[in-house]
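A.B. asks: Before I ask anything, here is the structure I am working with.
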Amino acid sequence: MKEINWFPGHMAKSRRELLGSLKRADLILEVCDARLPKSSRHPDLDKISEGKPVWTILGKSDLADPVCTDKWLCSAEAENKIWLALNLFSDRELNQLRKRLRDYNEKFLVAARAKGQRISPLRLIIVGIPNTGKSTLINRLIGKKSTQTSNRPGVTRSLRWVRGGTDYEILDTPGILPPRLNNKESKLNLAAAGAIPDDILPLDEVAFALFKKLLLDYPALMEQRFAVTNGGQEEWELFQMAACKRNCLASGGKADLPRFINLLLREFRTGKIGRISLECPPFVMDITE
Ligand SMILES: Nc1nc2c(ncn2[C@@H]2O[C@H](COP(=O)(O)OP(=O)(O)OP(=O)(O)O)[C@@H](O)[C@H]2O)c(=O)[nH]1
Ligand SMILES: [Mg+2]
C-alpha cells in the first residue's frame, strides 16, 4: 500500500495529553476492534500505562467471527489478562463489564470507608485506535449521550472528562494510530475495518485485498452474498463478476468497480456479509516491524 499520512496533528497532541492524564486513572479500558484484535491494540499502551491496570474490550464483537473471538479470549486468559468481547449495544453483554467495574470499585470504597475518606468516583480512561467504539462505550456506561459518536474514524478530537453520576468519571480520548506502521497486512486490516479515513486510502487496493482474504477464509459467506466461488478463475475476474452480480454496472455492461468497492467495504463494516474476523490466533505478526 502506498505511503499515507494517517497520523494527523491532533493524534500527536492527544498522545502527549494522554500521558499527562494517565496518572489520574484508577483503571484504563482499552477498546479494540474484535475483528482485528492484534492490529487494533493501542500503539504504546504497554509503555504509557505505567503499571495502571488495563482491561481490554473487544468491541463490535457482534461483527466478529465468534469462534475466532473465543480463541482470542482463551489466549488472553492463559496470560491472566482481562479481555472482554462486547457488543456495546447489548445490555446483557454490557452488564458483564458493569458488574466487573462495580466489583473493582468496591475495593476502593472499602478502603476509603476504612480510612474515613471521602468516597470519590472511579476514574476510567478509555483509549484505543479510531472508530472502535470508545465514545459509544462511555455513553452506554453512563446511560446518556454525552459524547459524540459516528461510523467514521477521528470523531473525538480532544480529551474530555465525562461524569457518570456518583460512580464514574470517564475520560474520552481521540483514537490514536501508531505513527509508523510498516506491516502491510495490519494496514489493510485497519483500513478495511474503518480505522483510517477512507478519503486518504487507496480504496481499490483495500477492497481487493479484503475480497481475496474473504474468498480464502469465508468462502461460504462470499458465495451467499456475491455468488462467487474461489477456484479456477483469477481473483481479479471474480472481483469483477461479483460487482456485476451485485448490479454494480457501468455503461456497456462492464463492472462499475468504484461502486462495488464502496458496497463491499460498507457491507463488511456493517456485518452484512456475515460475522467475520480478519485476525485469528495463533499467528505471528509484529505490527511495529
Ligand atoms: N456493530 C457495532 N457497532 C458499534 C459497536 N460499538 C460502536 N459501534 C459503532 O461504531 C462506530 C464508532 O463508534 P464511536 O463510539 O464513535 O467510536 P470511537 O472509538 O469513539 O471513534 P473515534 O472518536 O473516532 O476514535 C459508531 O457508528 C458506533 O455506532 C458495537 O459493539 N457493535
Ligand atoms: Mg470517540
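A.B. asks: What FRET efficiency comes out for residue 146 versus residue 67 if R0 is 35 angstrom and r is the Cβ-Cβ distance? Round to the nearest 0.05. Mind showing how you got there, number by number?
C.D. replies: Details: r = 35 Å, r/R0 = 1.01.
After rounding, the FRET efficiency stands at 0.50.
A.B. asks: Taking only DSSP H segments of four or more residues, each worth -39500 (n - 2.57), what value at 222 nm results for the chain once the sum is divided by all its residues, to the nearest 500 deg cm²/dmol?
C.D. replies: Details: 10 runs with 120 residues, N = 289.
Taking each H run of at least 4 residues, the total per residue is -13000 deg cm²/dmol.
A.B. asks: Specify the residue with the greatest mean-square fluctuation among 279, 17, 79, computed from a Gaussian network of the chain linking alpha-carbon atoms under 10 Å apart.
C.D. replies: 79
A.B. asks: Please state, rounded to one decimal and in Å, the Kirkwood hydrodynamic radius that segment 143-248 gives when every pair of distinct Cα atoms enters the mean of 1/r. The partial results should precede the final answer.
C.D. replies: On the way: mean 1/r = 0.0590 Å⁻¹.
About 16.9 Å for segment 143-248.
A.B. asks: Which is farthest toward the positive dipole end of segment 9-172 among 162, 143, 82, measuring Cα position about the Cα centre, with Cβ charges +1 (Lys, Arg) and -1 (Asp, Glu)?
C.D. replies: So the residue furthest toward the plus end is 162.
A.B. asks: Here is a further query. Can you sort 10, 42 by 1.4 Å-probe accessible area, starting with the largest?
C.D. replies: Working: 10 35, 42 10 Å².
Of 10, 42, the descending order of accessible area is 10, 42.
A.B. asks: Can you give the Rg/Rh ratio of segment 9-172, where Rg is from the C-alpha atoms and Rh is the Kirkwood radius? Kindly include the intermediate steps, with their values, before the conclusion.
C.D. replies: Working: Rg = 15.6 Å, Rh = 16.4 Å.
Looking at segment 9-172, the ratio lands at 0.95.
A.B. asks: When DSSP beta bridges are limited to those with both residues in the chain, what percentage is antiparallel, rounded to the nearest 5? Intermediate results must be reported in sequence, preceding the final value.
C.D. replies: Details: 6 of 24 bridges.
Antiparallel bridges: around 25 percent, rounded to the nearest 5.
A.B. asks: Let me ask something else. Whole Å is fine, so just give me how far the alpha carbon centre of segment 193-221 lies from that of segment 222-244.
C.D. replies: Measuring centre to centre over Cα atoms gives 14 Å.
A.B. asks: Taking the Cα of residue 262, stepping 7 Å toward and past its beta carbon, and measuring to each backbone N in segment 181-215: which are under 14 Å?
C.D. replies: 198-199, 203-204
A.B. asks: Hey, another quick one. So if R0 is 35 Å, what FRET efficiency would residue 74 and residue 44 give, r being the distance between their Cβ atoms, rounded to the nearest 0.05?
C.D. replies: On the way: r = 26 Å, r/R0 = 0.74.
After rounding to 0.05, the efficiency reads 0.85.
A.B. asks: Moving on to the next point. In units of 2.2 N^0.38 Å, what is the alpha-carbon radius of gyration of the chain?
C.D. replies: Against the empirical 2.2 N^0.38 Å value, I get 1.09 for the chain.
A.B. asks: Ok, one more. Testing the spin-label approximation: label points 7 Å from Cα along Cα→Cβ at residue 155 and residue 199. State their distance in nm.
C.D. replies: Rounded to a tenth, the inter-label distance reads 1.7 nm.
A.B. asks: Still on this structure, I have one more. Using a 1.4 angstrom probe on the protein heavy atoms only, line up 65, 198, 103 by accessible area, largest first.
C.D. replies: Details: 65 30, 198 55, 103 85 Å².
From most exposed to least exposed: 103, 198, 65.
A.B. asks: Can I ask one more? Report the local net charge at residue 85: Lys and Arg +1, Asp and Glu -1, summed over other residues whose C-beta lies under 10 Å from its C-beta.
C.D. replies: Numbers: positive: 60; negative: 62, 70, 93.
That sum, taken over residues with Cβ under 10 Å, equals -2.
A.B. asks: At 1.4 Å probe size, what's the solvent-accessible area of residue 141? Round to the nearest 10 Å².
C.D. replies: Residue 141 has an accessible surface of roughly 20 Å² with all protein chains in place.
A.B. asks: Right, something else. Could you give the distance between the Cα centres of segment 163-180 and segment 1-59, to the whole Å?
C.D. replies: Rounded to whole Å, the Cα centres lie 10 Å apart.
A.B. asks: Also, quick follow-up: Mind checking the angle between helix 203-217 and the chain's longest principal axis? C-alpha axes, 0 to 90 degrees, to the nearest 10.
C.D. replies: Value to nearest ten degrees: 90.
A.B. asks: What does the net charge come to around residue 35 if you take all other residues with beta carbon closer than 11 Å to its beta carbon, with K and R at +1 and D and E at -1? Mind dumping the intermediate values first?
C.D. replies: Values: positive: 38, 60, 269, 275; negative: 33, 62, 65, 279.
That works out to 0.
A.B. asks: Separation between the residue 250 and residue 180 pseudo-spin-labels, each 7 Å from Cα along Cα→Cβ, expressed in nm?
C.D. replies: 3.8 nm
A.B. asks: Right, another one. Can you sort 119, 142 by 1.4 Å-probe accessible area, starting with the largest? Walk me through the numbers on the way to the answer.
C.D. replies: Details: 119 80, 142 35 Å².
Ranked list, largest accessible area first: 119, 142.
A.B. asks: Starting from the amide H of residue 249, placed 1.01 Å from N in the peptide plane, find each other amide H under 5 Å away whose residue is 5 or more places distant or on another chain.
C.D. replies: Those qualifying (amide H under 5 Å, at least 5 residues apart or on another chain) are 256.
A.B. asks: For labels at residue 12 and residue 109 in the simple 7 Å Cα→Cβ model, what's the distance in nm?
C.D. replies: Result: 4.5 nm between the two label points.
A.B. asks: Roughly what % of DSSP beta bridges within segment 9-172 run antiparallel, to the nearest 5?
C.D. replies: Numbers: 5 of 23 bridges.
Expressed as a percentage, antiparallel bridges in segment 9-172 total about 20.
A.B. asks: Same structure again: Tabulate in residue order the Karplus-calculated ³J(HN,Hα) for segment 134-149, using 6.51 cos²θ - 1.76 cosθ + 1.60 with θ = phi - 60°, rounded to whole Hz; enter x for Gly and Pro.
C.D. replies: 4, 5, 4, 4, 5, 4, 6, 5, 9, x, 7, 7, 10, 9, 6, 10
A.B. asks: Let me ask another. No partner Cβ under 4.7 angstrom, meaning no disulfide-compatible partner by this rule: which Cys of the chain qualify?
C.D. replies: Flagged as lacking a Cys partner: 32, 74, 244, 248.
The values are calculated or read from the model by the stated rules, or taken from the named source; none is laboratory data. None of the values given here were measured: they were computed from a predicted structure. So basically every Cβ, Gly included, is an ideal-geometry build from the backbone, and we count neighbours across all protein chains shown. Keep in mind that these areas ignore ligands, DNA and RNA; they rest on the heavy atoms of the full protein, side chains included. Shrake-Rupley method; radii C 1.70, N 1.55, O 1.52, S 1.80 Å.
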